[in-house]
Amino acid sequence: MSAIAGPSTSRKRKSPSTADEGSSTAAESSTKKAKGTKPSASSRKAKVKAPVKVGRARVWPEYFDSLFKIFKALNTVIAFCSSRKHLAITFPVVRSSVEHLLKQPLEMAKVAELKALLPELIRFSYVPSIELRIHAESSSDNKREGSPDFAIVPTSKIEPSALPGVEDEEHVLVLDFVDAPKGKKSVNEGFMFGAPPAMTPAATKKLIERRNNRFTDAVNELLEAVRSDEDPVELLQAAARDHIPVDPSSLLPGNKGKERDKTVPESDHRPTIDSIISEIQQEKWYSEQIVHRRIAEAKDGQKGELDAPLSDTVKQALLQARKISSLYTHQVASINALMQSKNVIVSTSTASGKSVIYQVPLLTFLEENTDATAIFIYPTKALAQDQKAALEQLLAACPGLEDIKVATYDGDTPQEERRGVRETASVIFTNFDMIHASILPHEDLWRRFLKNLKLVAVDELHYYTGIFGSHVAQVIRRLRRVCVAVGNRRVKCVSCSATISKPRRHMENLFGLPPEDIEEVVEDGAPSGRKDYLVWTPPLIDEQDPSLGHKSPMQEATRLMRFLMERGVRVILFCKIRKICEWAMKALRTELTADGRLDILKRVMAYRGGYSPQDRRKIENEAFSGHLLGIVATNALELGVDIGILDAVIMLGFPMGGIASYRQQAGRAGRRSRDALAVYVADGFPIDRHYAAHPDELWEKPMDDLLVELDSKIILEAHLQCAAHEIPLSLEDEQYFGPLIKEICDKSLAKDKEGWYHTHNKYLPYPAKHISLRGVEEERYCVVDVSKVGKSGGNPRMLEEVEISRALFEIYEGGIFIHQGLTFLIQQVSHDSKTARVVRTDANWITEPRDFTNIDAAQTFRIREIRASPYRAYYGRVELKTLVYGYYKIRNRNIIDSVDLDTPPWERETTGLWLDVPKATLQLLKDINVNPAEAIHAAEHAMMNRFALAKDLGTECKVAEKEYKTTESQRKRPARLIFFEPTGKIAGIAAKAFDHVSDIINDAVKAIDACQCEEGCTACVVSPACRENNVVSSKVGAAIVLKALAGLPVDVDLLVPQDAPSAAFDTITEAPIVSVAQGVELEKDS
């Protein structure tokens, strides 16, 4: 693999703005600091602007002088309209005023020429007419106080969602400049939004002059670039043809109209990735965004021969269904081991043909005995659907096995079909949730299947880690135990995973198998095509005026995605969270519609959690068939679902799953041994800046070990209650559940006279229902589209279900809900029936909640000394309270309205540990100008980075909007490091961290001292999973806090006064004493 550093690797930039609402322009990312952009003393100093080049490089042809007159007239009119925020800048309005100034008609072709000359400055496109409105329609009948219930249409009449396409709506031609005037700066430096712009006459004049100068520079650049035998006027006019806007309404079925004369190449005939990158670098909008390029050259496959040749029928099936005539070395090694009765773990790259490893032995087992059964386990329903179709195709091509029944058995399987699956299926595609809650509790009904079980295949083994992995480890042990009890000792296990560290150890921990019975296969024999990896950073909005900041990362990602799709490149855009996924889809919908590319738009869909099963299946089928050209997804498609020939991956921001997720997502491209592209578009947050500055770590940094907690008494007891209900337990079952079984059984289960242990009565009759492998399932709100209710044939339809933890921030009356990139106005909400009624509206604003979450230590259950320190660690009950008290309407990153809400708070309890920052340390931080909130937040992440099971803990991440507020907040927080288990997922992880708190603190101190970075990185105080993007952070402060808690002397070097503090008012106060439960004694640290 070769690396090519981009030309701008070392340049310094302001942090690019965070992802914004889909139709963001360059100005939107410049008007305000992005949420999470930490202010510094230097950022408040006067900036020296780059000199603006003015004047003509040579004599202009007369044509450009006349064009300049048109531009100046447009500039004047649009600047005037911009200063009056209520004036809509439509082309008819602008044209009328310009023609009055010029005393001549304004031709659309001339405006297109200006657009071709200044494509990044001028917006000339159609938008839905409703986008020019400030407020959506609302019926006075719906206005009411509070949020009472309403008579929702009965569920039986609610239709499943039909995925949206292009809708019949009027469009208006807009002519505007994208370098819109800045809004009034918010007094809150951590806040991403500001008031709408208000232009003074002087500012308007300055804006007009700057735009005129940009026109002059653009003409100069054109004249300098043309050859002597070329006519610059003809070149400009030819380029302008592509900038004449197309009314999307004319492209709808039934309307007379014609799309641009552009066709998307078929995938087989698309350009090479290398040529596309070269083309990008020649584009006018390219401004050295590629700061690093790495090339992995194509690799030939390595073939092998099986010890026992396959039957002719299996060979025929492989050739006919998969076009496989030979096997790669890692496939051969795995199949050989399985046929020798070994268990296998295969850890090779994405798209290396791992599914063949368990499908081929299955065909062999079925040929030997058609009664043989198998369980194929996948972490997502999409992946199971994909692999089921592949196996059915293989069986259909294998003579004698055409009638073998394959079935999906998951939460979407109708109850009336489950009996048939149980009694007739030879292979089931399922997940661990179903094995735990539906198969094992009814082992008597599944006895035929389990007696004949030959193969258990678990795909994407790296997915099972942390608390979830700990539950899965016990489910697998229960399954193995039941199989032995029904007389089946022949079950073999095979697991597949992306490249991970210590794969044999991970399978050993999950399956409870001895290491000598596990064959580890890590040498990848599959071929791979050439792959280009790019690190892409958003450029300045205007190189001549750096004060405008950088372009939006989302704007960069969606433009790059459109560019690739236009050239026939099938691309997936990964977004970190669902909201960003929908914003990106909304941006693509707006941009493609404005460009008249409805042919592309109808081949783009969003995919994320929350969609209905019907919608998920439709999107999956569209992807599998190769119809989709673009997918905007969360990590729901990060795993190995084969969605056809995928040529490119774009990652918007660094994945929250860290390096492992980055490599998994990047590996999704090039699944057919073709050349491929992976682009990481860096966001403006500390972790993104780190990897943009140190890109080699993306490929060379070792991955963390995958851990499961086998000693959690909470998890183990829960599964022992289930296991005893399946078959009574005895102490001989220590071979499955480990040495803690006697202690837990004696204490928590019921023992009969013969020494057998049975489920405690309080868990009967269904102990499995008391455990959710993924934590207690949250209540959900049902979002119902009632747009067509009352119209002919119009029924309400369910859009999706939203977990309560998301619903609080997304579902409130008057808010905007986004689904498949389309906006819906939330009309009514019932918190009792958990339903929300929405209507379709093309709102040109989004809504952002005004909220806070308090995480407070409520009662102390345990106190522990910190080794060699006078301070203590505490463990006990933690209370969480979230309140959404209003929302903002946001357009172009400006607040257009602020609305109060009266909603009930969401209160819950959990367990956790905490450490109070000493009063003297708190004062020391203030004395050297270190923001205590930054120090505490960074110290919390430093500790979590040193605790292997930290992914299953939460902490109180500090919010920039509050911590950098320049007006005093009444909401103060205690000077306390606090860690808690997410509600519904209590598994003793916080208690384990508490037991090892001294080691964790000291390890964190060592990591900070050893790290050479200046501001913090993932090796010390930065966490990829931080909900607030690590903005409120101080490495120096973290070192001071942790050393104080550890009883270590604070280095003199750390006591150098920092720049002026980032906030004028304290948000952190001395931590109060927490009440202590009776009988609590100090625990010594041994």
Residue within region 141-149 that is crowded, with 17+ Cβ neighbours inside 10 Å, at pLDDT below 60, within 30 Å of Asp832 (Cα to Cα) and not acidic (Asp, Glu) present: yes
Ala836, sole failed condition from (1) touching a Leu at 6+ places or on another chain (Cβ under 6 Å); (2) among the hydrophobic types (A, V, I, L, M, F, W, C); (3) surrounded by 22 or more Cβ atoms within 10 Å (Cβ to Cβ): (1)
Index of the failed condition, Ile727 passing every other in (1) modelled with pLDDT under 95; (2) surrounded by 15 or more Cβ atoms within 10 Å (Cβ to Cβ); (3) under 24 Å from Leu510 (Cβ atoms): (1)
Test for Ala384: is it among the small types (Gly, Ala, Ser), assigned by TED's automatic domain parsing to the domain that holds Cys496 and under 20 Å from Ser438 (Cα atoms): yes
Of residues in region 859-914 being of a type in the set (Lys, Arg), in contact with a helix residue (DSSP H, G or I) (Cβ under 8 Å, 6 or more places away or on another chain) and not in a loop (DSSP other than H, G, I, E, B), the one farthest from Asp832 (Cα to Cα): Arg864
Entirely in region 307-369, the helices (runs of 4 or more DSSP H) that have 3 or more residues that are under 23 Å from Met507 (Cβ atoms): 329-339, 355-368
Candidate set: region 429-452, residues that are more than 30 Å from the chain's Cα centre (by Cα) and under 24 Å from Leu383 (Cβ atoms); chosen: the one surrounded by the fewest Cβ atoms within 10 Å (Cβ to Cβ): Ser438
Tally, over region 175-233, of residues that are in contact with a Phe, Trp or Tyr (Cβ under 6 Å, 6 or more places away or on another chain) and at pLDDT 90 or above: 3
Pick from region 347-383, criterion surrounded by 23 or more Cβ atoms within 10 Å (Cβ to Cβ) and out of contact with any Leu (no Cβ under 9 Å at 6 or more places or on another chain), ranking: farthest from Ser495 (Cα to Cα): Ser352
Selection count where residues are farther than 24 Å from Phe511 by Cα and assigned to a helix (DSSP H, G or I), scope region 383-415: 11
Filter result for the condition that a residue is in the same structural domain as Leu455 (by TED's automatic domain parsing), under 25 Å from Arg448 (Cα atoms), of a type in the set (Gly, Ala, Ser) and modelled with pLDDT under 95, over Ser347, Ser341, Ser352: Ser341
Residue tally, condition in contact (Cβ under 8 Å) with a residue 24 or more places away in the chain and closer than 26 Å to Leu773 by Cβ, over region 391-410: 4
Residue ID - modelled with the lowest pLDDT, chosen from residues in region 234-251 that are within 38 Å of the chain's Cα centre (by Cα) and either of a type in the set (Ser, Thr, Tyr) or more than 19 Å from Glu120 (Cα to Cα) (or both): Leu251
Those helices (runs of 4 or more DSSP H) lying entirely in region 660-762 with at least 2 residues among the basic types (Lys, Arg) and more than 22 Å from the chain's Cα centre (by Cα): 741-748
Strands (runs of 3 or more DSSP E) wholly inside region 779-821 containing at least 2 residues that are farther than 26 Å from Val899 by Cα: 797-803
Inter-residue pairs, beta-carbon under 8 Å, first free of Cβ contacts under 8 Å to residues at least 12 places away in the same chain and of a type outside the set (Asp, Glu) and in region 208-233, second outside any loop (DSSP other than H, G, I, E, B) and surrounded by fewer than 16 Cβ atoms within 10 Å (Cβ to Cβ), 6+ apart: Val226/Leu235
Residue in region 987-1003 that is surrounded by 21 or more Cβ atoms within 10 Å (Cβ to Cβ), assigned by TED's automatic domain parsing to the domain that holds Trp906 and part of a loop (DSSP other than H, G, I, E, B) present: yes
Close pairs from region 790-815: first free of Cβ contacts under 8 Å to residues at least 12 places away in the same chain, partner surrounded by fewer than 16 Cβ atoms within 10 Å (Cβ to Cβ) and part of a loop (DSSP other than H, G, I, E, B), Cβ under 6 Å, at least 6 apart: Gly794/Lys788
Filter result (over 26 Å from Gly775 (Cβ atoms) and either part of a loop (DSSP other than H, G, I, E, B) or touching a residue at least 24 places away in the same chain (Cβ under 8 Å) (or both)) within region 420-442: Arg422, Glu423, Ala425, Ser426, Val427
Tyr286, sole failed condition from (1) surrounded by 15 or more Cβ atoms within 10 Å (Cβ to Cβ); (2) at pLDDT 90 or above: (1)
Which numbered condition Gln331 misses (of (1) at pLDDT 95 or above; (2) surrounded by fewer than 23 Cβ atoms within 10 Å (Cβ to Cβ); (3) of a type outside the set (Ser, Thr, Tyr)): (2)
Check on Ile826, modelled with pLDDT under 90, hydrophobic (A, V, I, L, M, F, W, C), within 29 Å of the chain's Cα centre (by Cα) and crowded, with 18+ Cβ neighbours inside 10 Å: no
Of the criteria (1) surrounded by fewer than 18 Cβ atoms within 10 Å (Cβ to Cβ); (2) touching a residue at least 40 places away in the same chain (Cβ under 8 Å), which one Asp752 fails: (2)
Failed item, numbered, when Arg478 is tested on (1) of a type in the set (Lys, Arg); (2) touching a Leu at 6+ places or on another chain (Cβ under 8 Å); (3) farther than 27 Å from Pro767 by Cβ: (3)
Matching residues in region 446-471 - criterion: being closer than 17 Å to Thr373 by Cα, assigned to a loop (DSSP other than H, G, I, E, B) and touching a helix residue (DSSP H, G or I) at 6+ places or on another chain (Cβ under 6 Å): Trp446
Of residues in region 732-745 being of a type in the set (A, V, I, L, M) and under 20 Å from Pro514 (Cβ atoms), the one surrounded by the most Cβ atoms within 10 Å (Cβ to Cβ): Ile741
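The values are calculated or read from the model by the stated rules, or taken from the named source; none is laboratory data. This structure is a prediction, so every number in the text was calculated from the model and none was measured. Cβ sites come from the backbone with ideal geometry, for glycine too, and all protein chains shown count toward neighbours.
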